[in-house]
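> I'd like to ask some things about the structure below.
The values are calculated or read from the model by the stated rules, or taken from the named source; none is laboratory data. What you see is a predicted model, and the numbers here were worked out from it, not measured in a lab. Using ideal geometry, Cβ is built from the backbone for each residue, glycine included, and neighbour counts are taken over all protein chains shown. Note: areas computed on protein heavy atoms with side chains; ligands, DNA, RNA excluded. Shrake-Rupley method; radii C 1.70, N 1.55, O 1.52, S 1.80 Å.
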Amino acid sequence: MGAFLGEFLFEAIRMVVLAAVCVGAIFCGKKLRDRKDAKTAASEK
């Protein structure tokens, strides 16, 4: 039972870390896209 609980906790922590990386990547990508769009809009004027 202890091995199962240890493995379960390891996988739960791993899932949380992967979710955090995904959320960070989404925010980073959005920020970079907004910066590129602002730069493109400024050059069109």
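> Report in % the part of the accessible area of the chain that belongs to carbon and sulfur, leaving out ligands and nucleic acids; probe 1.4 Å.
Numbers: 3210 of 4360 Å².
Its accessible area is 74 percent carbon and sulfur atoms.
> I'd like the accessible area for C22, computed on protein heavy atoms only with a 1.4 Å probe and all protein chains in place. Round to 10 Å², please.
The accessible area of C22 comes to roughly 80 Å².
> Oh, and also: Go ahead and run the numbers for FRET between E44 and A20, Cβ-Cβ distance against an R0 of 35 Å, rounding to 0.05.
Working from the Cβ atoms, E equals 0.45.
> Ignoring ligands, DNA and RNA, what accessible area per residue does the chain give at 1.4 Å, in Å²?
Ligands and nucleic acids excluded, the figure is 97 Å² per residue.
> Working from Cα positions, state the angle (0 to 90°, nearest 10) between the long axis of helix 2-44 and the longest principal axis of the chain.
Around 0 degrees separate the two axes.
> Could you give the spread of the C-alpha atoms of the chain along their three principal axes, from largest to smallest, in whole angstroms?
Principal extents (largest minus smallest coordinate, Cα): 67, 5, 5 Å.
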